[in-house]
1. Round to the nearest 0.05 the FRET efficiency obtained for GLN47 and TYR141 when R0 = 22 Å and r is the Cβ-Cβ distance.
2. Suppose R0 equals 25 Å; then what is the FRET efficiency for ILE12 and ILE37 from their Cβ-Cβ distance, rounded to the nearest 0.05?
3. Could you work out how much longer the chain between SER93 and ASN25 gets when fully extended? Use 0.36 nm per residue separation minus the Cα distance between them, nm to one decimal.
4. Read phi for every residue in the range 106-122 and hand back ³J(HN,Hα) as whole Hz from Karplus 6.51 cos²θ - 1.76 cosθ + 1.60, θ = phi - 60°, with x for Gly and Pro.
Amino acid sequence: KIANRVEALDSIIQVECANLQDIINQHLIPYYLRIDIEGNDAMAVGQLKCKPLYISCESECVGDGNDKKTEEEILKVLYSLKNKGYTKFKIVSGYEYDIKSVVEEFTSDKWMSFEDCKKYLLTESPKYETFTFWKDILATY
């Protein structure tokens, strides 16, 4: 459903899956971890047994049509990061995502508290239609 929300799929392709923690165990804890798995980011964060210094996840889209997100859905990625011990957050555009801009964001001093990030997500995301509020949550501790 999520992957085909704009009816872009012509067919289904089966792919082999790997557990994120197993990959990390094989290749060591990353300095920066980017998670973007279409609505399952909070689950992936929750299953981590390690804590990379920097992490980014896709925030939940507002939804389209009758698929408006609840407050709980809007905040589930943020709460999963907080529950893992992350204390500083930023919201960045998902449209303009590139590794150089992310590194610049991580090295700047302008971080939000959990409460400020929560307030931003709850007040800003409902103002947008689907895909115009495509944001990533960056986090550190």
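Every number here is computed from the coordinates shown, using simple stated rules; none is lab data. Note that the structure is predicted; figures quoted are calculated from it, not measured. Cβ sites come from the backbone with ideal geometry, for glycine too, and all protein chains shown count toward neighbours.
1. 0.75
2. Computed FRET efficiency for ILE12 and ILE37 comes out at 0.90.
3. Result for the pair: 21.5 nm of gain on full extension.
4. Values, residue by residue: 5, 8, 7, 8, 8, 10, 9, 6, 4, 4, 5, 5, 4, 4, 4, 4, 6 Hz.
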